[in-house]
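Engineer: Take a look at the following structure, please.
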Amino acid sequence: MKTDTGAAEPILILAIETSCDETSVAVVQDGCKVLSNIISSQIETHRAFGGVVPEVASRKHVEVITLVIEEALSAAGVRPQELSAVAVTQGPGLVGALLVGVVAAKSLALAWNKPLIGTHHIAGHIYANRLVKELKYPNMTLVVSGGHTELVHMEREGAFRIIGRTRDDAVGEAYDKVARALGFPYPGGPYVDRLAHEAEEAYPLPRVWLEPGSYDFSFSGLKSAVLNAVNQSKMKGLEPDTAGIARGFQESVVEVLVEKAVRAVREYRAEQLLLSGGVAANKGLREALTRRCAAEGIELIVPPPVYCTDNAAMIGAAAYVKWRHDGGIPLDMVADPGLPLEKWSVSAY
Ligand code: KG4
Ligand code: ZN
């Protein structure tokens, strides 16, 4: 749509994210400018249980969703009539948690007479990079979150192809389990990251490369090696060298992630390497990738931590791409906890 002056009218998307333990609502302009991004975290509630309890997550989303929507609109200074569309994370995620966002988004789309955009959570993590910089295609994304570890190739805008994935634990999941073994609360990734930087020496731990040429990952063996190291010390009546183990674990994870990501960039002639997901907040990974990409002449985009962990701004960025190509979807859309990324790729060019 054009204004009187001939300039294109801004596309304003209200985006809702409730797939796990953050209730977040954002207003994003043209898929790249964040006008507001409100995040209400439930971490303190779940910490007592040592992980996210799905029923508790759904209830907490219900309690705060209306407030978070109001706050996002008011912080953006946008009235509902001015919105172009309402977007929501359709999947993957916890079904009860997703449902809260989906029902809210459908109600708003209906009440305000706006198109509805069902959005893929991982596409959101990937497009968090668009909030930082213009993307070039083809590109490669290293997705490292609590539930996913994937290398995703995008030949064109919104065309996703997974070329490698974890065969067992996701990186964030491995971090959280290792953190628990080292005595830290949930979610333990940031504690392990911090402790790793305090160690003088790394405890020797294996690197899992899988078959030559494979872009897949495996972290469960490494996690078991950490648990063994902790238990062996305890059996000998010794205090485990927690800092050394944290550093050894982090170095093993980071080395494999960096090596495979760089190889994928080369093989697929990607113009950029994007980093996304909660573990992208990891200092060791950010530093190692930055150093390696600089040495190899690879353009790297690393979103700031607030756009790495779950947030609705990233959903608004991905929804914008989907909407430009495919438009809105019918209001009988349902939450889909197993929504495949590749199937969500845009269809119209
Ligand atoms: O993307 P995210 O917010 O939620 C999912 O969609 O899974 O990722 C959360 C994960 C948790 O496992 C958390 O421990 C991990 O990201 N994480 C970290 C760091 N910050 C968050 N892992 C390692 N180092 C960090 N600094
Ligand atoms: Zn996530």
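FYI, it's all coordinate maths here, none of it is from the lab. None of these values were measured; they are calculated from a predicted model. FYI the Cβ positions are ideal-geometry reconstructions off the backbone, even for glycines, and counts take in every protein chain you see.
Engineer: Find how much the distance from residue 228 to residue 287 grows on full extension, using 0.36 nm per residue of separation minus their present alpha carbon separation; answer in nm with one decimal.
Structural biologist: Values: separation 59, 0.36 × 59 = 21.24 nm, distance 2.83 nm.
Going from the current span to full extension adds 18.4 nm.
Engineer: With Cβ to Cβ distances under 11 Å as the rule, what net charge do the other residues near residue 317 carry (K, R +1; D, E -1)? Don't skip to the end; give the middle numbers.
Structural biologist: On the way: positive: 33, 130, 322; negative: 30.
Value of the local net charge: +2.
Engineer: Here is a further query. Once phi is turned into ³J(HN,Hα) by the Karplus curve 6.51 cos²θ - 1.76 cosθ + 1.60 with θ = phi - 60°, what whole-Hz value does each residue of segment 311-322 show in order, with x for glycine and proline?
Structural biologist: 7, 8, 4, 5, 5, x, 5, 5, 4, 4, 5, 4
Engineer: Here's a follow-up. Go through 62, 318, 96 and say which Cα lies farthest out towards the positive end of the charge dipole of the chain; charges sit on Cβ, +1 for Lys and Arg, -1 for Asp and Glu.
Structural biologist: Result: 318.
Engineer: In a GNM of the chain with a 10 Å cut-off on Cα contacts, which of 11, 65, 117 has the highest mean-square fluctuation?
Structural biologist: Judging by the Gaussian network model, the answer is 11.
Engineer: While we're looking at this one, here's another question. At 222 nm, what value in deg cm²/dmol follows for the chain if DSSP H runs of at least 4 each add -39500 (n - 2.57) and the sum is divided by all its residues, to the nearest 500?
Structural biologist: Numbers: 12 runs with 150 residues, N = 349.
Rounded to the nearest 500, the figure is -13500 deg cm²/dmol.
Engineer: Non-local amide H neighbours of residue 91 (under 5 Å, H modeled in plane, Pro and chain starts lacking H): which ones?
Structural biologist: HN-HN under 5 Å from residue 91: 119, 121, 336.
Engineer: Just to check I understand the Karplus step: with θ = phi - 60° and J = 6.51 cos²θ - 1.76 cosθ + 1.60, what whole-Hz values come out for segment 245-259, glycine and proline as x?
Structural biologist: 5, 4, 5, x, 5, 4, 5, 5, 4, 5, 4, 5, 4, 5, 4
Engineer: May I ask you to order 105-112, 57-64 by the average number of other C-beta atoms within 10 Å around their residues, highest value first?
Structural biologist: Working: 105-112: 17.4, 57-64: 19.2.
Put in order of decreasing packing, that is 57-64, 105-112.
Engineer: Next question, about the same structure. Run the numbers for residue 343 and residue 329: contour at 0.36 nm per residue of separation, minus the present Cα-Cα distance, in nm.
Structural biologist: Details: separation 14, 0.36 × 14 = 5.04 nm, distance 1.46 nm.
Contour length minus Cα-Cα distance gives 3.6 nm.
Engineer: Could I ask something else about it? So what is Rg over Rh here for segment 46-128, counting just Cα atoms and using Kirkwood for Rh?
Structural biologist: Details: Rg = 14.0 Å, Rh = 14.0 Å.
That ratio equals 1.00.
Engineer: Counting only residues 5 or more places away or on other chains, whose amide H sits under 5 Å from the amide H of residue 167 once H atoms are built in the peptide plane?
Structural biologist: Result for residue 167 returns 217, 218, 219.
Engineer: So if the hydrodynamic radius of segment 192-349 is defined as the Kirkwood radius over C-alpha pairs, what does Stokes-Einstein give as its diffusion coefficient at 4 °C and 1.567 mPa s, in µm² per second?
Structural biologist: Working: Rh = 18.6 Å.
The estimated diffusion coefficient comes to 70 µm²/s.
Engineer: Taking N as the number of residues in the chain, what is its alpha-carbon radius of gyration divided by 2.2 N^0.38 Å? Walk me through the numbers before you get to the answer.
Structural biologist: Working: Rg = 20.6 Å, N = 349, 2.2 N^0.38 = 20.4 Å.
Against the empirical 2.2 N^0.38 Å value, I get 1.01 for the chain.
Engineer: What are the ³J(HN,Hα) values, in whole Hz, obtained from phi via the Karplus relation 6.51 cos²θ - 1.76 cosθ + 1.60 with θ = phi - 60°, for each residue of segment 93-103 in sequence order, with x given for Gly and Pro?
Structural biologist: Each residue of segment 93-103 in turn: x, 7, 4, x, 6, 4, 4, 4, x, 5, 5 Hz.
Engineer: Rounded, prolate or oblate: which fits segment 242-317, taking a ≥ b ≥ c as square roots of the Cα gyration tensor eigenvalues, rounded meaning a/c under 1.5, else prolate when a/b beats b/c?
Structural biologist: In terms of gyration-tensor shape, oblate.
Engineer: Amide H of residue 272: which non-local residues (sequence gap of 5 or more, or other chain) have their own amide H closer than 5 Å, using H built in the peptide plane?
Structural biologist: Close amide H contacts, sequence-distant or interchain: 140.
Engineer: Next question, about the same structure. Taking the highest mean first, how do the peptides 170-176, 228-234 order by number of other beta carbon atoms within 10 angstrom per residue?
Structural biologist: So the peptides 170-176, 228-234, ranked by packing, come out 170-176, 228-234.
Engineer: Per 5 Å bin, what percent of the C-alpha pairs of segment 1-94 does each bin hold, from zero upward?
Structural biologist: 3, 13, 22, 20, 15, 11, 7, 4, 2, 2, 1, 0
Engineer: Relative to the Cα centre, what is the charge dipole magnitude of the chain, using +1 at the beta carbon of each Lys and Arg, -1 at the beta carbon of each Asp and Glu, and rounding to the nearest 20 debye? Spell out each step's value before the answer.
Structural biologist: Numbers: 34 positive and 41 negative charges, 56 e Å.
Using Cβ point charges on Lys, Arg, Asp and Glu, the chain gives about 280 debye.
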